[in-house]
């Protein structure tokens, strides 16, 4: 079991009083119904092999908050597994009791419980346009997941689950600066960025754009739309998270009717991003 330089930050996140933090956030953000954060689900800290992805040859995908599902797989790996690890760790104080949880996160893209439908869209896009060697190394059946496993790490601005997203980005940006649990999560993201040195940070979903630009924007941003629909609207620039300045691509959701949907649209976004990266001196 290795987390190396991010272990302290990871422990800070999981050692929070999650129920109290979720209740504070639900009240502060005035969340209702399916948008309520669930106090009974441990936090989502990251997925992806942060110990093995090659620094500089990977992408950090940043969402707003993880989706709460109610199927058996979700219960087993997102509730039962981390709850058992947390229970044992709190009784023993030994980090080894967290090993199964860490292993699940690091090996997520190799597991049957992974969210194929969501992540395959990004694996396909990244493998087609950037990590072509990895894509060509594997069979048709598993090349998308192997691109994710070798080149993608995913985190969320808010580490707590809800069935639907109803977070107000302006209000959330204020809370990130004052809420201890959210501050701990941002320090973990900062440590992950420092460790994996991503080629870029990719913010998925427009609600995250305001937060990232307002709190971490570094220099000017470029608004663009390389396609014919509003779904291909982009924002491109740099973010400074901690001491690391990284290119950032902000898109709407891949595969969403209101977002980057068709293969043509995905290609248009890729070509626009490549042009921006080249123009700004990023290979």
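Throughout, read-outs are computed from the coordinates displayed, never taken from laboratory work. In this text, all values refer to a predicted model and were calculated from it rather than measured experimentally. So basically every Cβ, Gly included, is an ideal-geometry build from the backbone, and we count neighbours across all protein chains shown.
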Rotationally averaged projected area of segment 188-278 (alpha carbon convex hull; nm²): 5.9
Highest-first arrangement of 231-242, 68-79, where packing means the average Cβ count within 10 Å: 231-242, 68-79
Residue order, fewest to most beta carbons within 10 Å, for 124, 28, 278: 278, 28, 124
Ratio of Rg to Rh over segment 178-234 (Cα coordinates, Kirkwood Rh, two decimals): 1.03
Cα point-scatterer Debye curve for segment 134-243, base-10 log of I(q)/I(0) at q = 0.13, 0.20 Å⁻¹: -0.63, -1.23
Neighbour-count ranking [beta-carbon atoms within 10 angstrom, fewest first] of 121, 266: 121, 266
Degrees separating the helix 116-129 axis from the principal Cα axis of the chain, which is the longest one: 40
Counting DSSP beta bridges with both ends in the chain, the antiparallel % (nearest 5): 45
Angle in degrees between helix 263-279 and the longest Cα principal axis of the chain, rounded to the nearest 10: 80
Ratio Rg/Rh [Cα only; Rh per Kirkwood] for the chain: 0.94
